[in-house]
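Encoded as structure tokens, the structure appears first; notes follow it.
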Amino acid sequence: MTGRIVPLGLLLVAGIYLWATLRIELDPWSADELVNARAMPLFCGILLALFATVMLFRGLTPTETGRRYKSLAMMAACIVGFAVLIPNAGLWPALALFLAASLKLLGERRPLVLTVAPLATALAGWTLIEVGLGVYIHPGAWWS
Amino acid sequence: MWEGIAQGLGTALDPANLLWVAAGCCAGTLIGMLPGLGPITAIALMIPVSYTLDPAAGLIMMAGVYYGAVFGGSTSSILINAPGVASTVATSFDGYPMARAGEAGRALAIAAYASFAGGTIGALALLLFAGALASWATAFQSPEYTLILVLALSSIAAFAERGRVARSCVAALLGLMLGTVGTDQSAGVQRFTFGRLDLMDGISFILLAMAVFALAEAFHMLTTRERGGDYRPAASVRLRKGDARAITPTVGRNSALGFLVGILPGAGATLASFFAYDFEKRFNRNPACGIAAPEAANNAACTGSFVPLLTLGIPGSGTTAVLLGVMLSLGIQPGPRLLETDPAVFWGVIVSMYIGNLVLLALNLPLIPYISRLIQISRPVLIPFVAAFSLVGVYLTTSNVFDLYLMLGFGVAALILRSWGFPLAPLLLGFILSGMLEENLRRTFYLVDGSFSMLLHRPATLVLAIACAAIWMAPAIRWWRNRPRGEPRS
């Protein structure tokens, strides 16, 4: 069954893609043309569906197994937190918090690494990008 | 041509550009040396930096990053048996045993000199061929471009790893599909945006490159327990007496081989290094030559892959696909007209490849014993920084939080695809070629206006069409030749 999960996923992607392709609104002048805005998506969607169907029948074996998806979920949560924090706390404080949180989650114990490395990275980023290159980045809703 | 080379020398030898090529080499070496991170990741991570430079300096820096990362990958292959990329796997076959035998410094020196020689021979060949090919390619029109693009995409299947042809095709198709998201350039209609304003301009190239290579690589390191061999420090990086004489012919023949393989769309440095190792080992058992052959070939192939990129504007590999994206973002349209419109960039990039090799040799030989200690950085420290750098890089270029969510989704999807054996370079290649293919296909249809026989009167079109057909027919011919035959009757 596991050998069919990815082909099924691909078939689903192809199905949604083809459904969305047929919903592309064409201009009257291009509707009768052979190569219009739907042509390439249709071609790609149909080809993907064909490949996925063949893979579904033949089965697919994973090349890398035994992944630790719990760590991935934790890192994904950190990234979501980072994205949520940026508009409120600003890029650099959010970056320092993201680094500290992900280092801690990945098992880093040394207090110096957990505090100094994130702060120094955020400070270096701010100095290089905002001070050095003069790029304006919104400071965040909490500070403005 | 000589005028162009002089102009290129002027651009590449500008003190600021020299500084950028040196910085690119250093950054590339440092990133490429980190286990798991290769040239594509190094280039993807450096894109935000290139945006702050003028086009010539940005590209020159990227050429340095490319070479630095290839050399950095060889360093981790030799010292800890953890090749950052497939193109340096062959180096570890003889390199790591030498390092284990206490000859890490010698192995690194052979790799450095062979890389330098391979890159130099490649740069000279590029210098000779690129201008001529670009002049010839100015006669190309949409039909030829369409077929070249089809050829590049077909080559993905032709050069795919054994047993992974279908997966490579699926990855390329996914890339083509992602390339269709956004506003259609010709008709101006919305496609696959699902009403979201964030998707109207399409998916950003930098977002996809960072997600598929940098972030997915961080996720891969996070979810696996794999580690390389023990670290073998290199005290001094020197050749032994007799090494130079032994490796010179090896370097010469494999550089030529690597350059030719590098020109082929879809082949790239990986195939070149394996070809070279296999070729050399047929008649040469010297481990020094076992390191020199793949190193010379992969560096020459890196240079060779610039031929289709600079002269036709078509990337032949994942790395050059990222570089094409960088060029387009910097406002440079590579292709035959680049030689006329921006000769300083065209020749500057070619000459800077040679300068980059020189800088790499000058910097790495004395510094490698020290900077190779970076390999020992633990993964729990490395992963958050790779993830943070890629996320911040994307946010700085798009200033859109939605892109970070999109990036997370693509990163997870890329990890899943990778776990099931789907190569990711064809995905990026498909994404980059998608818009070009659609545009040229449309123009071709307008041009031929229903009469395809006119294409047969164009010799280049005919040759390209035959090449495409040959690639498509090759698996069927191979199957026919290897088909099981019945036992002959006694």
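Across the stretch B:390-401, the number of residues qualifying as open to solvent by 40 Å² or more (accessible area, probe 1.4 Å), facing chain A (nearest Cβ under 9 Å) and either touching a helix residue (DSSP H, G or I) at 6+ places or on another chain (Cβ under 9 Å) or modelled with pLDDT of 90 or more (or both) comes to 1.
Among the residues of the stretch A:123-144, what is the count of those that are surrounded by 13 or more Cβ atoms within 10 Å (Cβ to Cβ), closer than 16 Å to A:N88 by Cα and more than 9 Å from every other protein chain (Cβ to nearest Cβ)? Qualifying residue count, the stretch A:123-144: 2. Among the residues of the stretch A:90-107, is there at least one that is more than 7 Å from every other protein chain (Cβ to nearest Cβ) and either more than 26 Å from B:F402 (Cα to Cα) or among the charged types (D, E, K, R) (or both)? Within the stretch A:90-107, one or more residues are more than 7 Å from every other protein chain (Cβ to nearest Cβ) and either more than 26 Å from B:F402 (Cα to Cα) or among the charged types (D, E, K, R) (or both).
When B:L367 is tested against (1) over 29 Å from B:T193 (Cα atoms); (2) within 11 Å of chain A (Cβ to nearest Cβ), just one condition goes unmet, and that condition is (2). May I ask you to verify whether B:F431 is within 11 Å of another protein chain (Cβ to nearest Cβ), hydrophobic (A, V, I, L, M, F, W, C) and either buried (at least 23 other Cβ atoms within 10 Å of the Cβ) or over 30 Å from A:L34 (Cα atoms) (or both)? In short, no. Restricting B:M33, B:M46 to those that are out of contact with any His (no Cβ under 8 Å at 6 or more places or on another chain), open to solvent by less than 10 Å² (accessible area, probe 1.4 Å) and farther than 15 Å from B:N357 by Cβ reduces the list to B:M33.
Evaluation of A:L56 against the conditions (1) under 30 Å from B:F402 (Cα atoms); (2) open to solvent by less than 50 Å² (accessible area, probe 1.4 Å); (3) more than 10 Å from chain B (Cβ to nearest Cβ) shows that the sole unmet condition is (1). Against the test of being in a helix (DSSP H, G or I) and either of a type in the set (D, E) or in contact with a Lys or Arg (Cβ under 7 Å, 6 or more places away or on another chain) (or both), the options A:L119, A:L114, A:L99 yield a single qualifying residue, A:L114.
Scanning the stretch A:17-53 for residues that are more than 7 Å from every other protein chain (Cβ to nearest Cβ) and open to solvent by 70 Å² or more (accessible area, probe 1.4 Å) yields A:W19, A:L22, A:R23, A:P28, A:W29, A:D32, A:F43, A:I46, A:L50. Beta carbons closer than 6 Å, at least 6 apart along the sequence or on distinct chains, pair a first residue in the stretch B:4-22 that is free of Cβ contacts under 8 Å to residues at least 60 places away in the same chain with a second that is buried (at least 22 other Cβ atoms within 10 Å of the Cβ) for B:W20/B:A57; B:W20/B:I60; B:W20/B:M61.
The values are calculated or read from the model by the stated rules, or taken from the named source; none is laboratory data. For clarity, every value in this text was computed on a predicted model and none was experimentally measured. Neighbour counts are summed over all protein chains in view; Cβ atoms, including those assigned to glycine, are modelled from backbone coordinates with ideal geometry. When the accessible area is computed, the model is the full protein with side chains, heavy atoms only, and any ligands, DNA or RNA have been set aside. Shrake-Rupley method; radii C 1.70, N 1.55, O 1.52, S 1.80 Å.
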